[in-house]
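Have a look at the structure that comes next, please.
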Amino acid sequence: MPNFQVGTGLREAGVFNPADIQKGMTARDRDGENLGLITAVDAAGFLIEKGSYFPRDYRVSFSDVTDIDRDDVYLREDLASLPGVRPDVLAARGEVARRLPLQHDLTGALGVAPGDWER
């Protein structure tokens, strides 16, 4: 698989290989919030375990990852921007879901278009 170089502005740009993402690593949002453990990895992405934030296992595309730091995988979006987060969790935190329009990426997974990140 190719190496990706990406950055969010909140974390230093990193170079990572999607093959480095392994079952048992911790998935985090762009602010470092622990979203849960990665339970499976395949050619298109990985699954974050069902738990406090997600009512069922949550699929993530490799294109939604910004960095890997030891056993942590950082996603491009913050918790309120992730589709599938339980509404009661956001309400308890005083947050409102922020959704960007989803588009298919080259792997067939849904994601946001690069121009939407600046909105």
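I need a count of the residues in region 48-57 that are at pLDDT 90 or above and open to solvent by 40 Å² or more (accessible area, probe 1.4 Å).
Count: 5.
Can you pull out every residue in region 65-80 that is farther than 13 Å from Phe16 by Cα and either within 10 Å of the chain's Cα centre (by Cα) or buried (at least 21 other Cβ atoms within 10 Å of the Cβ) (or both)?
Arg76, Glu77, Asp78, Leu79
Collect the residues in region 45-67 that are in contact with a Gly (Cβ under 7 Å, 6 or more places away or on another chain) and more than 19 Å from Leu90 (Cβ to Cβ), keeping them in residue-number order.
Scanning region 45-67 gives Arg59, Ser61, Phe62, Ser63, Thr66, Asp67.
If a residue has to be closer than 18 Å to Arg59 by Cβ and either open to solvent by 70 Å² or more (accessible area, probe 1.4 Å) or outside any loop (DSSP other than H, G, I, E, B) (or both) to count, how many in region 20-29 make the cut?
Residues in region 20-29 being closer than 18 Å to Arg59 by Cβ and either open to solvent by 70 Å² or more (accessible area, probe 1.4 Å) or outside any loop (DSSP other than H, G, I, E, B) (or both): 5 in total.
Further, regarding this structure: Do you know which residues across region 44-81 are assigned to a loop (DSSP other than H, G, I, E, B) and either among the β-branched types (Val, Ile, Thr) or over 16 Å from Glu33 (Cβ atoms) (or both)?
Passing the criteria: Ala44, Lys50, Pro55, Arg56, Asp57, Arg70.
Which one of these is open to solvent by less than 70 Å² (accessible area, probe 1.4 Å), assigned to a strand (DSSP E or B) and modelled with pLDDT under 90: Gly111, Gly84?
It is Gly111.
The values are calculated or read from the model by the stated rules, or taken from the named source; none is laboratory data. Here the structure is a predicted model, which means the values were calculated and not measured. Neighbour counts are summed over all protein chains in view; Cβ atoms, including those assigned to glycine, are modelled from backbone coordinates with ideal geometry. Each accessible area value is taken on the protein alone, full model and side chains, heavy atoms only, with ligands, DNA and RNA left out. Shrake-Rupley method; radii C 1.70, N 1.55, O 1.52, S 1.80 Å.
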